[in-house]
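Novice: Please read through the structure below; I'll follow up with questions.
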């Protein structure tokens with residue numbers, strides 16, 4: 001896998017039937033290693049560096065939006081169980097276009113997160129969604145530290 005724009009982390013990998021799996025320490029199981037999963041695992045390790053408790057992290061959970069099942073990548077909750085940050089992970093080959101912003105915005109209509117992050121592992125964008133103007137307010141760095 002390619003080097004991402006995150007600190008270096010050590011990962012536990014294993015091969016099964018010529019497929020590589022990576023150990024997800026949050027879900028406590030091996031997950032098929034895809035380019036998007038490579039980014040997701042880097043984000044999870046990054047969250048630990050940022051002192052986000054494991055108990056406040058949810059990964060790939062289903063949500064119902066307009067009678068359609070969707071699945072978010074990562075959500076960070078506060079102590080009260082409210083969503084603090086919604087994170088959308090993309091493969092490094094995916095550009096962070098308007099379509100990605102639209103996707104996370106649709107998810108956020110249901111989750112009402114204060115902050116959002118989109119990343120392809122190479123570029124990371126952090127922002128708030130101003131609920132009144134429906135505009136993105138970009139934040140320079142990870143906003144939860």
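Novice: How much length would be gained if the chain were fully extended between residue 139 and residue 12, taking 0.36 nm per residue of separation minus their Cα-Cα distance, in nm to one decimal?
Specialist: 42.5 nm
Novice: While we're looking at this one, here's another question. Can you classify the range 13-139 as rounded, prolate or oblate using the Cα gyration tensor, where a ≥ b ≥ c are the square roots of its eigenvalues, rounded means a/c under 1.5, and otherwise it's prolate if a/b beats b/c and oblate if not?
Specialist: Cα axes put the range 13-139 in the prolate bin.
Novice: Specify the angular offset, from 0 to 90 degrees and rounded to the nearest 10, of the alpha carbon long axis of helix 35-49 from the longest principal axis of the alpha carbons in the chain.
Specialist: Helix 35-49 sits roughly 70 degrees off the main axis of the chain.
Novice: Turning to a different aspect of this structure: Spin-label point model (7 Å from Cα, Cβ direction): what's the residue 79 to residue 98 distance in nm?
Specialist: It works out to 4.2 nm between the two label points.
Novice: For every helix of n ≥ 4 consecutive DSSP H residues, a contribution of -39,500 (n - 2.57) applies; sum these over the chain, divide by its total residues, and give [θ] at 222 nm rounded to the nearest 500 deg cm²/dmol.
Specialist: -6500 deg cm²/dmol
Novice: Only residues of the range 117-142 count here: report those whose backbone N is under 18 Å from the spot 7 Å along Cα→Cβ of residue 2, or say none.
Specialist: Once the point is set 7 Å along Cα→Cβ of residue 2, 118-125 turn out to lie under 18 Å by backbone N, inside the range 117-142.
Novice: Cα atoms only, the range 58-108: Rg and Dmax in Å?
Specialist: Cα-based Rg and Dmax for the range 58-108 come out at 11.8, 36 Å.
Novice: Report, to the nearest 10°, how far helix 98-111 tilts away from the longest principal axis of the Cα atoms in the chain, using its own Cα long axis and a range of 0 to 90°.
Specialist: Result, in degrees: 70.
Novice: Further question on the same structure: Just subtract the alpha-carbon distance of residue 131 and residue 50 from 0.36 nm times their residue separation and send over the number in nm, one decimal.
Specialist: This chain segment gains 26.5 nm when fully extended.
Where a number appears in this text, it was derived from the coordinates with a stated rule and is not lab data. Worth saying up front: this structure is predicted, and the values here are computed from it rather than measured. Cβ coordinates were reconstructed from backbone atoms using ideal geometry, including for glycine residues, and neighbour counts include every protein chain displayed.
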